[in-house]
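Shown next, in structure tokens, is the structure this report addresses.
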Amino acid sequence: MGSADIVPGVSGGTIALVLGIYERLIASVRAGSSALGAFARFDGSAGVVWLKKVDWRFILPLGAGIGLAIITLSHILERLLREQAVLMSALFLGLVAGSVVIAWKLLTVRDVRRAVVIGVVALVVFVLLGLREDTSSDTASQLTDPALWAFFGSGAVAIVAMILPGISGSFILVMLGMYGPLLSAVTSRDLVSLGVFIVGAVIGLALFSQVLHRALRDHYNTVMAVLIGLMVGSVRVLWPWPRGVDSTALESPDESLLAAVLLAIVAFGIVLGIEAVGRKLGHHTFEDEVEELTAE
């Protein structure tokens, strides 16, 4: 899951489904977020009750494995993003495209209203991402030396993707321009920035997870349509040319077109292949989660 979470476009939730641990993960996340919410309300007794419902013997080894994978792979990804920016962006684009297909399949209602939501959100995201471009900077899209509040805010937002089907937390970081800075913080052992990011993630989980759960329960298809629109609109920052995810400018493909297209196709196939493996193994699927969620 850590290997998936650090790559934009691959949902850690999808990997959890393939491994058959999604139910246990979501149950513990909900219990933990409820505990954090109770402590935030200064209701210590309720917080302790919820903490006891967290499957710690499962969560702690899982968290350690995720952390180890992130630390191990961050060096490689940071170097590849610097030396092979176009190809890495093509890889991410293919992964996100595969996630769009999966998210579309998760819609239980595909009507004009949801299509309009997808189109409007995609257009707004596409335009807003373009506003970040600064031709005087080589890293206009991925922020350079962001303030601590940016780490806090990105942690609070990205953690929500953890409990969403078909969307990657790293993808959210790319859109926010914080993917590169966070990788650098991991590789350089910037404990202050990482600590602020983790605090933001914890607070974001406490504040947003229950709201998101209710939104998915009551307005599932609209929420999913918004997520699809986010991913479609992100092509602005995922488009490989001119500088991969370090630019939101759109230029014509260069001589690396064939390699980029092939890599994107392979990445697209990997995402769909992971989903197919999960179905074949017969583990709890996102469709099962949808049925349970909308029935509550």
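Values in this text are rule-based calculations from the coordinates and carry no lab data. Predicted, not measured: the structure shown is a model, and the values here were computed from it. In this analysis, Cβ positions are derived from the backbone assuming ideal geometry, glycine residues included, and neighbour counts consider all displayed protein chains.
Summary of computed values
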| read-out | value |
| --- | --- |
| Ranked L183, L68, criterion: other C-beta atoms within 10 Å, fewest first | L68, L183 |
| Simple spin-label estimate for D218 and R79 in nanometres, 7 Å along Cα-Cβ | 5.0 nm |
| Karplus-derived 3J(HN,Hα), 6.51/-1.76/1.60, for each residue of region 225-232, Hz, glycine and proline x | 5, 4, 5, 5, x, 4, 5, 5 |
